[in-house]
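The structure appears below as C-alpha cells.
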Amino acid sequence: MKAVLDILDLSTEELEDLIRTAEDIIANPATYAHACDGKKLATLFFEPSTRTRMSFEAAMYELGGHVISVSGEGASSAAKGESVADTARTVSNYVDIIAQRHPKEGSALVAAMHSTVPVINAGDGGHCHPTQTLADLLTIRREKGRFDHLNIGLCGDLKFGRTVHSLINALARYPGNRFYLISPPELKVPSYVKKAALKDRGIPYLQSVDMEEFMPELDILYMTRIQRERFSDAAAYERLKDSYILTPAKLETAKKDLAILHPLPRVNEISVAVDDDPRACYFKQVLYGKYMRMALILKLLKEAERDPGVARKADFSGPEFIRGSLRCTNPRCITGGEQELPQIFRRGADGVSRCVYCEAKAEPAE
Ligand code: NCD
C-alpha cells in the first residue's frame, strides 16, 4: 500500500504526474466532480490546522467523495490514551484513505504500518509535511516555469519548520539549484536534512542570519513562522520570534520576478504591506494546495484499488537495523509516546545510526 509520509516517497516522475493532474483539474473541474463518488476520506488532526485539514476536506468534496474527521487531541480516543497504531487500524475500517497530522515525529509511519488504507502525512511534528510541498511545487512551477537552476532562499525557523525540510528534499533532486538558508543560529536546518539532501550530493548552499545579504540573488524566497509550539524554552521563543519581518523596503534589492512563498499561517514575518506586491504568491499557494491534494487523493485511491487491504510493509530486518543497544534522544519522537513501539535504528553508510521513525541520531542506551 502506498503511503506518502515524506516527499521522497514520490519520484520526480510521480510529481510530474500529480502536477499534470492538478493542472487538468484546474482547467476542467467538472470532469472530476464525481471521480471519488462513494469514497471516504478521514482527516485525523491531532494538532491545530486551518489550511491543511480544510483543503483536504474541500479536495475530497470537490471530487464527489465524503469526509469524516477528528480535529483536536481531546476529541477522539487519543484523549483516553489510544495509540496512533490502534487509531489507524480502527479508522481504516471506516474509510478509503487517511490524512493524519500529529505532534509526534514519526507518527505518520506508525499509522501507515497499521492502516489497511493509504495514509498521507499531513505533518508529523517538526519532521515532514509532504503535501505542503506539493502546494509549494505547483506554485513554483506556475510562477517560475521550472524546478531547476533556481536560487532558493528559505528564511525563519529552519529547524522546526517541517515544510522547509520537505521542500529542500524535493528541490535538491533537480539540477542547478542553489540554497540560501537564512535563520538565527539556534534555528538552522537540522544536520540530518542538510547532510542527506545537500552535502552528500554536493549541492551548493550558503547559510546566514542576514536576509538582506542574499536578497538580490534569490528567485524564490520561502518565509516561515517561528514554530512556538515546538520550543521547550518559552524565553528562547520570545527572543527569536521577531527575527525576520519582510517589508517592502527589504524587497527593494530583490529581483523583479522573485516569487515570495509562505506555507502560512503568517504571524508577523511578512508585513501585510507586502501582500499587494505582485511577487507575493502565498495566497495562490493556498489554492494550489487544494488541487495538488485532489491529485494525490485520486492517485492513491487508484493505486489502492489495484492493491487493496495491505498495511505498509516496514521491513526492519536487514543487517543495517539495530535494536536494543541504542536509544532515540528526540523528545518529540513517536517512540516516546507510543506503548510497546520498539526503538529501531538504521545505520547509514557514514556509520551514523538514526531512528527509523524520526531520523534523530541515536545514542548508546544506558
Ligand atoms: C505549516 C505547518 O503546519 O507545518 N502550515 C501549513 O500546513 N500550511 C506551517 C506552519 O505551521 O508554520
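A short reminder: the numbers here are calculations on the coordinates, not readings from a lab. None of the values given here were measured: they were computed from a predicted structure. Counting neighbours? That spans all protein chains shown, and the Cβs are built from the backbone with ideal geometry, glycine included.
Dipole of the chain computed with +1 at Lys/Arg Cβ and -1 at Asp/Glu Cβ about the Cα centre; of Pro319, Gln132, Val356, farthest Cα towards the positive end is Pro319. Given R0 = 25 Å, the distance between the Cβ atoms of Gln339 and Met54 translates into a calculated FRET efficiency of 0.20.
Using a cutoff of 8 angstrom between alpha carbon atoms and counting only pairs six or more residues apart, the relative contact order for the chain works out to 19 percent. Between the listed residues Ile270, Phe345, Val117, the Cα displaced farthest toward the positive end of the dipole of the chain, a dipole computed from Cβ unit charges relative to the Cα centre, is found at Phe345. Summing Cβ point charges (Lys, Arg +1; Asp, Glu -1) relative to the Cα centre of the stretch 224-366 gives a dipole of roughly 320 debye. Other residues lying with their Cβ under 9 Å from the Cβ of Leu150 contribute a combined charge of +1, Lys and Arg counting +1, Asp and Glu -1.
For Asp275, neighbours were defined as the other residues whose beta-carbon sits under 14 Å from its Cβ, and their charges (Lys and Arg +1, Asp and Glu -1) total 0. Using 1/(1 + (r/R0)^6) with R0 = 35 angstrom and r between the beta carbons of Asp350 and Ala235, what's the FRET efficiency to the nearest 0.05? Working from the Cβ atoms, E equals 0.50.
The relative contact order of the stretch 118-172 comes to 44 percent, based on Cα pairs under 8 Å that sit 6 or more residues apart. Under 5 Å between amide hydrogens, built in the peptide plane, is the criterion, and for Asn177 it picks out His149, Leu150 among residues at least 5 positions away or on other chains.
With both labels modelled 7 Å from their Cα along Cα-to-Cβ, the Glu303 to Lys256 distance reads 4.3 nm. Here the contact order of the stretch 47-168, divided by its residue count and restricted to Cα pairs under 8 Å and six or more residues apart, works out to 19 percent.
Summing charges over all other residues whose Cβ lies under 10 Å from the Cβ of Pro184, with Lys and Arg as +1 and Asp and Glu as -1, gives +1. Length available on full extension from Arg228 to His66: 0.36 nm per residue minus the Cα-Cα distance, which gives 55.0 nm. Partnerless cysteines in the chain, where a partner means another cysteine C-beta under 4.7 angstrom, comprise Cys36, Cys128, Cys155, Cys281.
Under the convention that each Lys and Arg Cβ holds +1 and each Asp and Glu Cβ holds -1, the size of the dipole of the chain around its Cα centre is about 280 debye. Calculate, for Glu14 and Phe316, the FRET efficiency according to 1/(1 + (r/R0)^6) with r their C-beta to C-beta distance and R0 22 Å; round to the nearest 0.05. About 0.35, to the nearest 0.05.
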